[in-house]
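Engineer: A single structure is presented below for examination.
The values are calculated or read from the model by the stated rules, or taken from the named source; none is laboratory data. For clarity, every value in this text was computed on a predicted model and none was experimentally measured. Virtual Cβ from ideal backbone geometry, glycine too; neighbours counted across all protein chains shown. Note: areas computed on protein heavy atoms with side chains; ligands, DNA, RNA excluded. Shrake-Rupley method; radii C 1.70, N 1.55, O 1.52, S 1.80 Å.
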Amino acid sequence: MSNLSESNFQIFLEQVQKQFLCCYPVQCIQWQNFPKHLNWDQQNMLIDYTYKCHLNREMPIKLQYQLNFLKKLIAYLEQDCSEIHDSIYESFCEAQRKIVSQPSEKFAFKHYVLSEKVHFSLKESKSFVADGTTGLCSWQAALALTDYFLHHKAILWNRRILELGSGAGLCGLIIYRLCEPKHLLLTDGSLSCLKLIEENIKRNFLHIEETIDNKWLMNDHILECCLVDWKEINCVKEVKTMLPDILLAADVVYDSSVFDDLLHAIDYVFNLKQNKVKMFLAATVRNQATLNGFLNKLGNLRFQVDNAEVIPLEESFLYWDRLTPVRILIITR
């Protein structure tokens, strides 16, 4: 039997549930720290908190992830326990059957659980690239940026915020609810992303008031989304009229071919308020030379760049893959 107390085992269950529901990479889960010698009832609780969790039943996460998680769980339990609960094997077989019967599903869900009463459920693409965009799924830099603001809510409180490249809406929806900006405008250059953002807004804010198309109001805080082509941002009336105080972006500097359009958009927003703007940009450093190229172009436009802290794993509210480093840049002029 596990030597964990009942309260500590509950904490363990809640942690694993959070990791499972947001599809935290299986190789990043610290299996070596799992409790030893789980008994029959504890194994059953573990499967109830993950695969059989009501969120996964109602809005399933990616089936291949579920299968990989269960496969790794079974391998761990086979090494450590004298017998494995039938429900775990049954769940694994059920997941295999579902993969065979549902091979063409384009979308799945991820659930970001922040507390017993607060969670966000996002519909996302199962593919990294779909409909000609990478924005239909969330990337680790968006998670890192969101986590940063959950630790520094005052930065965004009662501010006018514009997000470039909002994708599926992960960062925007969480900060809108928990950081209480005065006005948040989510933008993307893909119509598919805009439709997905709208769907995710309606799923996560059941009582929000839609005042006009793509504009919502909750407790006098405005949430809005619109299509923005960076090179034509000066034609977007929503940006002109809101006059952003803060500019956000995550995972938008992986492709040097878009740098000039992105910099045009950043420069335009800063000029709208005579440079009284602060930008927070999170970047996954896949290629240092590509990031350096972007930083050099920022310097040519007289921007200053500082680094914000990336929240360490042990203090994070969210889980993301840390195998590739993330930087959070604070950009001013």
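Engineer: Taking the Cα atoms only, what angle lies between the long axis of helix 40-49 and the longest principal axis of the chain, rounded to 10 degrees?
Structural biologist: Once rounded, the angle reads 20 degrees.
Engineer: Carbon and sulfur atoms: what percent of the 1.4 Å accessible area of the stretch 1-127 do they account for?
Structural biologist: 48 percent
Engineer: Would you mind working out the accessible area per residue for the chain, using a 1.4 Å probe, and quoting it in Å²?
Structural biologist: I get 47 Å² per residue for the chain.
Engineer: If we count every other residue with Cβ under 13 angstrom of PHE12's Cβ, Lys/Arg +1 and Asp/Glu -1, where does the sum land?
Structural biologist: With Lys, Arg at +1 and Asp, Glu at -1, the net is 0.
Engineer: Relative contact order, percent, of the stretch 44-131 when contacts are C-alpha pairs under 8 Å separated by at least 6 residues?
Structural biologist: Computed value for the stretch 44-131: 29 percent relative contact order.
Engineer: Then there is this: Local charge sum around PRO35 (other residues, Cβ-Cβ under 14 Å, Lys/Arg +1, Asp/Glu -1)?
Structural biologist: Net of charged neighbours comes to -3.
Engineer: Multiply the residue gap between ASN234 and ASP220 by 0.36 nm, knock off their C-alpha separation, and tell me the result in nm, one decimal place.
Structural biologist: Here the segment from ASN234 to ASP220 would lengthen by 2.3 nm.
Engineer: Kindly state, to the nearest 0.05, the FRET efficiency for ASN292 paired with LEU323, given R0 = 25 Å and r defined as their beta-carbon distance.
Structural biologist: 0.75
Engineer: Which is the longest part of the chain that has none of the GluC sites (Glu not before Pro) sitting in a DSSP loop with at most 15 other Cβ atoms within 10 Å?
Structural biologist: 117-308
Engineer: Counting each pair of different Cα atoms once, what's the Kirkwood radius of the stretch 27-126 in Å, rounded to one decimal?
Structural biologist: Taking the inverse mean of 1/r over all distinct Cα pairs, the stretch 27-126 comes out at 14.7 Å.
Engineer: With each run of n ≥ 4 DSSP H residues scored as -39500 (n - 2.57), what mean residue ellipticity at 222 nm is computed for the chain after dividing by its residue count and rounding to the nearest 500 deg cm²/dmol?
Structural biologist: Estimated from H runs of four or more residues: -12500 deg cm²/dmol.
Engineer: How high is the relative contact order of the chain, in percent, counting Cα pairs under 8 Å that sit 6 or more residues apart?
Structural biologist: The normalised contact order for the chain reaches 15 percent.
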